[in-house]
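A.B. asks: Handing you this structure, nothing more for now.
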Amino acid sequence: MAAKKIMVITALLLMVFLLQDCSKKDTTPVSGDNSVLNLPATAYNYSNINYPAHIAAALATDDNTPAGNTITDDGATLGRVLFYDKHLSVNNTISCASCHKQENGFTDNRQFSLGFDSGLTSRTSMNLLNLRFYKSGKMFWDERSTTLEAQVLQPIQNHVEMGMTLGNLVSKLKGLDYYTPLFTKAFGSSDIDTIRIARALSQFGRSIVTYQAKYDRVKQGLASFTAAEAAGEQLFLNAPGPGGTPACGNCHTPPAFLNSNAPGFALMDANDQGIENMNRFKAGSLRNITTTTNLFHNGSVADVPTMLGSRIPSHGVAPQDRATILAFLQTLTDNTVTSDVRFSNPFK
Ligand code: HEC
Ligand code: HEC
């Protein structure tokens, strides 16, 4: 009797164990399987967006799109598939979206990101909002990549991030049926090469633009700021920082809240001197920044309220100004970009 009970219990435990094991497997399907790629019959619109005037004006002066790679609907669609395809990593575990998550404004809210082999990146992931408004086109915290087209191939070859070679990448994509029609539509023939891969990923990246936040409705006269938000905007644009440092808006310039001429400030960091080892760093777009954690190049600043209350030069502000500036920054959050199907995972 006792022996039977033990057998039954053992059998039950075994079942529980096996079930757990299955559910673990279920949470990590190999993305990129043709059967689960779900694209609309007609490509979504990426190329012809009717941006409000304040966005269109900035685009006219700041856009880093090169003449040879303007956004097309089919080009950005291919870029979207590549962005979400785990086949871009050596062991099919990581896609660009693993570290640039749409729901987090295309960052991952971690201090350092996990690569294909569980290694950690040495800097914090950057948001990918409004990349095309960074006029110089330079990418990464230290601006080491001179264009977006050059940048997008770097994570694929990075030993921590995706661990591939470009040769390996091209032959792997050639072996996946669904890329033949996607490359043909995007570029007129089914040839797959790294230049096309870089162009498509860049088109997708440049299509991620925030223009539907409260801030944007106010600029179009469709909404108004509260008193605190309005006061916060004035402080942000005009109030000099302690010691006469420039106002926030000099370095984080509206409407994308970035400025490729002003990567002058650095959070002092003994391990990382950034641009040309001069303690300078790029700052990405401040859009959606109040929903982001692990700020600055080393992810060491928990969030915006922590930053405003800190002693970081140009970034810690007087106690009476903190809530006001925060209220203004909250109006920059665009909840459309984080849910828009055009930027979502097509492998579903
Ligand atoms: C393992 C995590 C990880 C993966 C995978 C990854 N990235 Fe990143 N990404 C980062 C980190 C970390 C940085 C900042 C690195 C630095 O500055 O040295 C970054 C920076 C960037 C930037 C620069 C943004 C700017 O404003 O300068 C772009 C663009 C970008 N990634 C696009 C991509 C694309 C496209 C892919 C897929 C081909 C990808 N990333 C895959 C973690 C990742
Ligand atoms: C002199 C230029 C300059 C001024 C003035 C400035 N910033 Fe920055 N800001 C930067 C740079 C450069 C970084 C990135 C530095 C780093 O990573 O070490 C940054 C980072 C940030 C970040 C984190 C961004 C991220 O993606 O992690 C926030 C938020 C921010 N600034 C807000 C503000 C606010 C609010 C003010 C005014 C109170 C301000 N900044 C003033 C240049 C400036």
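A.B. asks: Does residue 181 meet the test of being near ligand 1 (Cβ under 8 Å from one of its atoms) and part of a helix (DSSP H, G or I)?
C.D. replies: Numbers: near ligand 1 (Cβ under 8 Å from one of its atoms): no; part of a helix (DSSP H, G or I): yes.
No; evaluated as a whole, the condition is false for this residue.
A.B. asks: Please verify whether residue 133 is in the same structural domain as residue 92 (by TED's automatic domain parsing), within 15 Å of the chain's Cα centre (by Cα) and open to solvent by less than 50 Å² (accessible area, probe 1.4 Å), treating the condition exactly as stated.
C.D. replies: yes
A.B. asks: Can you tell me how many residues in the range 236-247 are open to solvent by less than 40 Å² (accessible area, probe 1.4 Å) and touching a residue at least 60 places away in the same chain (Cβ under 8 Å)?
C.D. replies: 4
A.B. asks: Additional query: If you take the residues of the range 136-149 that are open to solvent by 40 Å² or more (accessible area, probe 1.4 Å) and away from ligand 2 (no atom under 15 Å from the Cβ), which of them is farthest from residue 204 (Cα to Cα)?
C.D. replies: Per the criteria, the residue is 146.
Yes/no matrix, rows are residues, columns are (1) exposed (fewer than 15 other Cβ atoms within 10 Å of the Cβ); (2) in contact (Cβ under 8 Å) with a residue 60 or more places away in the chain:
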{"residue": "278", "(1), (2)": "yes, no"}
{"residue": "286", "(1), (2)": "no, no"}
{"residue": "292", "(1), (2)": "no, yes"}
{"residue": "296", "(1), (2)": "no, yes"}
{"residue": "300", "(1), (2)": "yes, yes"}
{"residue": "304", "(1), (2)": "no, no"}
{"residue": "309", "(1), (2)": "yes, no"}
{"residue": "312", "(1), (2)": "no, no"}
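Quick grid of which residues meet (1) closer than 12 Å to residue 332 by Cα; (2) in contact with a helix residue (DSSP H, G or I) (Cβ under 9 Å, 6 or more places away or on another chain); (3) aliphatic (A, V, I, L, M):
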site: 217; (1), (2), (3): yes, no, no
site: 220; (1), (2), (3): no, yes, no
site: 223; (1), (2), (3): no, yes, yes
site: 228; (1), (2), (3): no, yes, yes
site: 239; (1), (2), (3): no, yes, yes
site: 245; (1), (2), (3): no, no, no
site: 248; (1), (2), (3): no, yes, no
site: 257; (1), (2), (3): yes, yes, no
site: 260; (1), (2), (3): no, yes, no
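A.B. asks: Now, a different point. Return yes or no: is residue 203 within 15 Å of ligand 2 (Cβ to nearest atom) and either in a helix (DSSP H, G or I) or open to solvent by less than 10 Å² (accessible area, probe 1.4 Å) (or both)?
C.D. replies: no
The values are calculated or read from the model by the stated rules, or taken from the named source; none is laboratory data. Not measured: the values here are computed from a predicted model. Because the Cβ atoms are built from the backbone with ideal geometry, glycine has one as well, and the counts that use them run over all protein chains shown. To get the accessible areas, we keep the full protein, side chains included, count just its heavy atoms, and leave off ligands, DNA and RNA. Shrake-Rupley method; radii C 1.70, N 1.55, O 1.52, S 1.80 Å.
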